[in-house]
Amino acid sequence: MRLLLIEDDQNVADFIIKGLNENNHVVDHQEDGKEGLFFATTESYDVMIVDRMLPGIDGLTIIRTLRASQIKTPIIILSAMADVEQRVEGLQSGADDYLVKPFAFSELLARVEILAKRNHSDKAKAQETQLQLADLRIDLLTHKVTRSNQDIQLLATEYRLLEYLMRHAGQVVSRTMLFEHVWDYNFDPQTNVIDVHMSRLRKKIDKPFDSALIHTIRGSGYVIKH
């Protein structure tokens, strides 16, 4: 795992870094709140460990700024501020966990690894419920379709057609494949039902936007690609 530690007490930081390195984790360390926030917003981490009392910018301000920017990386607050009200304030700021100093490293490590595992599981679930290509997105649970954050209203058949194309993004999909998987009946070379629905779909997915995603491959079928 790659972690960001924002901690101004060098002895505490050295203790944490040594333990995490021994457990095969990579740690970026920043002592200053401003520098810590910069790294938190420009780099990718599995978990962040943030002290509350920091020079430059305090820990709670860092966390609130990250959450307002839709950065959802798990965060553990590490602080000597141990009152219930202070812990509640930390969690309400957007932190996922709160560990009071002094602490046992084994407990910190367990909490870090639990949060990282939960975060990876949540990301996997999100990927299973969404399909995305460029700025086009399908929510498989709600059947909501958006492009450039604009809602697109599709009829049921248009939705199934788009979903099938998206599940095979970058691949040429033949007319026979579409009939079998979207309409669920055998291909009739005389019908123009695919052409009609594809035309309607393109008017909604491509026409209002700068670039086309759905392309006709002459003699082969269709492909959706960026």
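Taken together, the values in this text are just the output of simple stated rules run on the coordinates, not laboratory data. Please read these numbers as outputs of a predicted model, since none were measured by experiment. Cβ atoms come from the backbone with ideal geometry, glycine included; neighbour counts cover every protein chain shown.
Worth pointing out:
- ASP28 paired with THR146, simple spin-label distance in nm, labels 7 Å along Cα-to-beta-carbon: 2.7 nm
- Spin-label model distance (nm) - ALA80 vs GLN10, 7 Å beyond Cα toward Cβ: 1.7 nm
- Here the extension length gained between SER69 and GLN153 equals 27.4 nm, from 0.36 nm per residue of separation less the Cα-Cα distance.
- Helix-only CD estimate at 222 nm, as mean residue ellipticity for the chain, using -39500 (n - 2.57) per DSSP H run (n ≥ 4): -13000 deg cm²/dmol
- Cross-link partners for LYS101 among the aspartates and glutamates, with Cα-Cα distance under 20 Å and sequence neighbours closer than 8 places in the same chain left out: GLU7, ASP8, ASP9, ASP14, GLU31, ASP32, ASP51, ASP58, ASP83, GLU85, GLU89, GLU113.
- Listed by Cβ neighbour count within 10 Å, with the fewest neighbours leading, SER174, SER69 appear as SER69, SER174.
- Considering the chain at the alpha-carbon level, its Rg and Dmax are found to be 24.7, 77 Å.
- Over 23 Å between alpha carbons, listed pairs LYS34/LYS72; LYS34/LYS123; LYS144/LYS203; LYS117/LYS225; LYS117/LYS144; LYS123/LYS144: LYS34/LYS123; LYS117/LYS225; LYS117/LYS144
- Three-way shape call for the stretch 2-127 based on the alpha-carbon gyration tensor, with the a/c threshold at 1.5: rounded
- Each of THR191, THR129, GLY90 was scored by the projection of its Cα onto the charge dipole of the chain, and the greatest displacement toward the positive side belongs to THR191; charges sit on the C-beta of Lys, Arg, Asp and Glu.
- Cβ-defined net charge surrounding HIS226, 14 Å radius [Lys, Arg +1; Asp, Glu -1]: 0
- At most 16 other Cβ within 10 Å, DSSP loop - chymotrypsin sites (Phe, Trp or Tyr not before Pro), the stretch 64-165: PHE103
- Only the Cβ atoms of Lys and Arg (+1) and of Asp and Glu (-1) were treated as charged; on that basis the dipole of the chain about its Cα centre amounts to roughly 1360 debye.
- The modelled label-to-label distance for the pair LYS18/ARG218, using points 7 Å beyond Cα in the direction of Cβ, is 7.1 nm.
- The chain: relative contact order in percent, alpha carbon pairs under 8 Å with at least 6 residues between: 12 percent
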